1. Taking other Cβ within 10 Å of each residue's Cβ, how do 91, 178, 158 sort, fewest first?
2. Using the Cα gyration tensor of segment 6-52, with a ≥ b ≥ c the square roots of its eigenvalues, what is the shape: rounded (a/c below 1.5), prolate (a/b larger than b/c) or oblate (neither)?
3. If you take the square roots of the eigenvalues of the alpha-carbon gyration tensor of segment 123-183 and sort them as a ≥ b ≥ c, do you get rounded (a/c under 1.5), prolate (a/b over b/c) or oblate?
4. Can you give the relative contact order of segment 123-183 as a percent, counting alpha carbon pairs under 8 Å and 6+ residues apart?
């Protein structure tokens, strides 16, 4: 179970959390004793804060003066170490130049990209391998190559997924086995 952060529990105890986060954490508290105890402790501590203002033995003006002195001391120590530099922010001129350069690179890339071939050009490049009644035909770009198997009616055709076709038959006149393998790449 993922518990809410301690800071969120403290904010919930002081009613300083947004309504959605409050609702989510309240749902979590219904099933988590540990987080419920922490929220109760934060609420108890918060209820004691007004009582601290009534303490007579604390000199609030003296405490404020000590805090100011400590802040000044910290600033002086920082100046002894050297000037604290502010992080350099990106100037609008630099951002515009970088955006223009990026747009130029994208446009140049689009200009270099070859245009897609037309549908007719793609169809003319595609090789089609098919079995016909008297052989194997390979068609591409308007041309055709045919391997004929004549002299036999018992032809065994085999087709592979890789784009190859095989025709086997026994010549009735000679008794020789003929095998035609056609591969398409």
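Any read-out appearing in this document is the output of simple, stated calculations on the displayed coordinates, not a laboratory observation. All values reported here derive from a predicted model rather than from experimental measurement. Note that we place each Cβ from the backbone using ideal geometry, even for glycine, and neighbour counts take in every protein chain shown.
1. 91, 158, 178
2. Oblate shape, in that a/c is at least 1.5 and b/c is the bigger or equal ratio.
3. prolate
4. The value is 22 percent.
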